[in-house]
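Participant: Here's a structure for you.
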Amino acid sequence: MLADAAHARAIEVEPDRDWVHRVVSALVVDRPGANGWDAYTALKPLGGDFRAWDSARQMSALRLAYDRLAILHDALPVSLRSADQPQLTENLSVEAERRRTGIQSWYHSLSHVCTDELPDLDLLLFGLPGATKW
C-alpha cells in the first residue's frame, strides 16, 4: 500500500512526459486510408452531409472514428483522458445522429488536451490521404 501511495505521489509531482510519443506510436499503426476522410467528415463536416449518407456509410464512419478515438484515449495518461467516452453499440443505425453527437463531443474533449503537443492530431487520427498541413 505504501508503494502504491508513493507511486501516485510521484506521478503527481513528475507527470508522464512520454505520453506524446506513446500517442504518436499508437496512432501510426494501421492508419486509415481513404476511409479516414469519412470518419473525419462525420466529426467535422467539411461540406459532406453525414445525414445524406446511406446508413452503411454512416455506421462505417462512426465506427472508424470511435475506434481511432479509443486508441487515442487509451494512449493518453489517465489524468488527460476524457470522462465522457460514449458507449458504442453494434446497432449504430439507430439514432445515428445522437451517436454522432456523442462521438463528436468525445473527439473535441480529447483533441483539446492534445492541441499544444500534437497540432496535427487529425492527420494522425484519420490519415487523410492528400491533405496538406493546415
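Participant: Can you tell me which of Ala26, Ala56, Ala42, Ala61 is of a type in the set (Gly, Ala, Ser), without any contact (Cβ under 8 Å) to a residue 12 or more places away in the chain and over 16 Å from Gly130 (Cβ atoms)?
Facilitator: Result: Ala56 is the single residue among Ala26, Ala56, Ala42, Ala61 that is of a type in the set (Gly, Ala, Ser), without any contact (Cβ under 8 Å) to a residue 12 or more places away in the chain and over 16 Å from Gly130 (Cβ atoms).
Participant: Pairs needed: first member in region 66-80, over 13 Å from Leu43 (Cβ atoms); second member anywhere, of a type in the set (S, T, N, Q); C-beta distance under 7 Å; at least 6 residues apart or different chains.
Facilitator: Correct list of pairs: His73/Ser82; His73/Gln85.
Participant: Do the conditions hold for Ser79, that is, is it at pLDDT below 90, assigned to a helix (DSSP H, G or I), among the polar types (S, T, N, Q) and out of contact with any helix residue (DSSP H, G or I) (no Cβ under 6 Å at 6 or more places or on another chain)?
Facilitator: Criteria met by Ser79.
Participant: Is there any pair linking a residue in region 93-122 that is outside any helix (DSSP H, G or I) to one that is surrounded by fewer than 19 Cβ atoms within 10 Å (Cβ to Cβ) and hydroxyl-bearing (Ser, Thr, Tyr), with Cβ under 8 Å and at least six apart or on different chains, and which?
Facilitator: Pairs found: Ser93/Ser55.
The values are calculated or read from the model by the stated rules, or taken from the named source; none is laboratory data. Source: prediction; values computed, not measured. Note that each Cβ is placed from the backbone with ideal geometry, even for glycine, and that neighbours are counted across all protein chains shown.
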